[in-house]
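All remarks here apply to the structure that follows.
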Amino acid sequence: MLDGISDGRTDLVFDHLSEGHAANSKDRNGVSLIKWCAYYGDVSAIRFLLAKGESRLTTAPDPCRFARCPGPADRSTQAARLHPRHSH
């Protein structure tokens with residue numbers, strides 16, 4: 001199910017938690033559910049995770065990662081940098 005969530009099926013977050021998994025679960029790469037939901041823009045799933053005990057702090061970006069960016073980049077490069085698999 002976590003693979004589906006990381007592939008954009010953030011609607012599966014509700015099922016994942018209903019099966020008894022924690023709101024702060026992470027995929028095999030260490031990326032939290034809330035980061036995937038933020039990446040895909042699923043506000044309903046984010047609110048659900050927060051209501052179930054996930055912390056807002058886990059969505060905070062690493063400010064050093066942005067400081068290392070050499071300047072303006074095209075959208076695909078920027079999106080790749082911001083992808084949750086590259087942010088931990």
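Output the residues belonging to region 34-44 that are assigned to a helix (DSSP H, G or I) and either exposed (fewer than 15 other Cβ atoms within 10 Å of the Cβ) or modelled with pLDDT of 95 or more (or both).
Quick first cut of region 34-44, residues assigned to a helix (DSSP H, G or I) only: 34-40, 43-44.
Answer for region 34-44, where residues must be assigned to a helix (DSSP H, G or I) and either exposed (fewer than 15 other Cβ atoms within 10 Å of the Cβ) or modelled with pLDDT of 95 or more (or both): V43, S44.
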Over region 1-25, the set of residues within 15 Å of I46 (Cα to Cα), buried (at least 17 other Cβ atoms within 10 Å of the Cβ) and within 15 Å of the chain's Cα centre (by Cα) is I5, S6, T10, L12, V13, H16, A23, S25
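The values are calculated or read from the model by the stated rules, or taken from the named source; none is laboratory data. The structure presented is a predicted model; accordingly, all values stated were derived computationally and were not measured. We place every Cβ from the backbone using ideal geometry, glycine too, and count neighbours over all the protein chains shown.
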